[in-house]
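Derivation of every value follows stated rules applied to the coordinates shown; laboratory data play no part. What you see is a predicted model, and the numbers here were worked out from it, not measured in a lab. Cβ coordinates were reconstructed from backbone atoms using ideal geometry, including for glycine residues, and neighbour counts include every protein chain displayed.
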Amino acid sequence: MSELSTEPITDPVEYMLTTVDNPFDPFTMFDEWLEYDTRMGYNTASFLDRIAKVSSEMSEPDQALAIQHAINEIVTENVSGMWIKVSRTSDVVR
């Protein structure tokens, strides 16, 4: 297992987790993206929820930070090669 950074994420760009084969943009076509993801059995949102360490006691910025850390962890430990991190401004972030 590689070491993950615990440094704060200061990047103002918003990222989302998706799979390499999902043809839909999770930012602009979320319903279609989610339907495809669920139909394929990936359940990306549920997987991210299991990895992200968030709670209702956390502030929204802290929750967003925890989710971004979880996305980074998933793409770093990406054994299957199917997870990718995407942003609104670019297609894929590796």
Quickly rank 62-69, 27-34 as a protection proxy: mean count of other C-beta atoms within 10 Å, highest first.
62-69, 27-34
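Based only on other Cβ atoms within 10 Å, what is the fewest-to-most ordering of D25, D49, D37? Could you put the intermediate results ahead of the total?
Numbers: D25 15, D49 12, D37 23.
So the ranking, lowest neighbour count to highest, is D49, D25, D37.
If we count every other residue with Cβ under 13 angstrom of F47's Cβ, Lys/Arg +1 and Asp/Glu -1, where does the sum land?
Details: positive: R50; negative: D37, D49, E73, E77.
Counting the neighbours of F47, the net charge comes to -3.
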